[in-house]
Amino acid sequence: GAGVSQSPSNKVTEKGKDVELRCDPISGHTALYWYRQSLGQGLEFLIYFQGNSAPDKSGLPSDRFSAERTGGSVSTLTIQRTQQEDSAVYLCASSLSRRGSTDTQYFGPGTRLTVL
Amino acid sequence: GENVEQHPSTLSVQEGDSAVIKCTYSDSASNYFPWYKQELGKGPQLIIDIRSNVGEKKDQRIAVTLNKTAKHFSLHITETQPEDSAVYFCAASSRGSARQLTFGSGTQLTVLP
């Protein structure tokens, strides 16, 4: 079946502009995560959505970052007034998130963001 | 919060040899430990995972061991092949509402033909 998809695959923007990154999770997965991967680094947790619950935003680095998930499916990560240090690969993952279990997270291919 | 350390950062082995990557974690409440393989330009792909109720798990050429007392876990790849060349990440997840993964910094594995 279809995996996690993300768009665009690459985004180049100028400092100060806003960007929107999109994630389509695997159908039926109730949990959705956003991570950031800077060049040569591990993955840094940003935000987590679980069903209709309030998202866990504890990983967002600043108030310029926000995310929403509409209808429990597609998610959009928005970065306002982009800075050069925002340049990274932004990865989305989804999981079944069954009650009482830690389920496998499946990752999308990522969006490579370059802020000039 | 959880902290995961991964070693080595780079590893080169001859084709057919074994490769071992080690990780330690700090949060004794962590109970799920996946390993991901990331090829250039792609997202991480799960290759094997282990939960805290077992000490070892094997899948063909790949195995993972977990020592809860010492809070470390390791990935073992036997009979390495050039297509095993990639960046490998370990991760840990603790009980709790978010269950986000805390990742190690990655190991660049190169299998020399």
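Please treat every number below as a calculation from the coordinates, not as lab data. The model shown is predicted, which means the values in this text are computed figures rather than measured ones. Virtual Cβ from ideal backbone geometry, glycine too; neighbours counted across all protein chains shown.
Per-structure values
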quantity: Added length on full extension, which subtracts the Cα-Cα distance from 0.36 nm per residue, residue B:59 to residue B:10; calculated: 15.3 nm
quantity: Cβ-defined net charge surrounding residue B:62, 10 Å radius [Lys, Arg +1; Asp, Glu -1]; calculated: +2
quantity: Excluding exposed DSSP-loop trypsin sites (Lys or Arg not before Pro) (at most 16 other C-beta within 10 Å), longest clean stretch of chain A; calculated: A:18-56
quantity: Spatial separation of Cα centroids for segment A:19-69 and segment B:1-41, in angstrom; calculated: 23
quantity: Cα-based radius of gyration of segment B:7-113 once divided by 2.2 N^0.38 Å, which approximates compact folds; calculated: 1.04
quantity: Set A:17/A:57; A:57/B:22; A:15/B:22; A:11/B:37 screened for pairs whose C-alpha atoms are more than 32 Å apart; calculated: A:15/B:22
quantity: Gaussian network model of chain A, springs between alpha carbon atoms under 10 Å - residue of A:95, A:53, A:27 with greatest fluctuation; calculated: A:53
quantity: Two-decimal Rg to Rh for the protein assembly as shown - Kirkwood Rh, Cα set; calculated: 0.97
quantity: Cβ-defined net charge surrounding residue A:67, 13 Å radius [Lys, Arg +1; Asp, Glu -1]; calculated: +1
quantity: Assigned charges on the beta-carbon of Lys, Arg, Asp, Glu; the protein assembly as shown dipole about Cα centre (debye); calculated: 520
quantity: Using a Förster distance of 30 Å, the FRET efficiency for residue A:41-residue B:26 (Cβ separation, nearest 0.05); calculated: 0.95
quantity: Taking only Cα atoms of chain A, radius of gyration then Dmax in Å; calculated: 13.6, 44
quantity: In Hz, Karplus ³J(HN,Hα) per residue of segment A:3-14 (6.51, -1.76, 1.60; θ = phi - 60°; x = Gly, Pro); calculated: x, 6, 10, 9, 8, x, 6, 9, 9, 10, 9, 9
quantity: Net charge, residue B:107 excluded, C-beta distance under 11 Å - Lys, Arg +1, Asp, Glu -1; calculated: +2
quantity: Fluctuation leader among A:30, A:13, A:70 - chain A, Gaussian network, Cα springs under 10 angstrom; calculated: A:70
quantity: Residue A:116 versus residue A:58: modelled label distance in nm, points set 7 Å from Cα along the beta carbon direction; calculated: 3.9
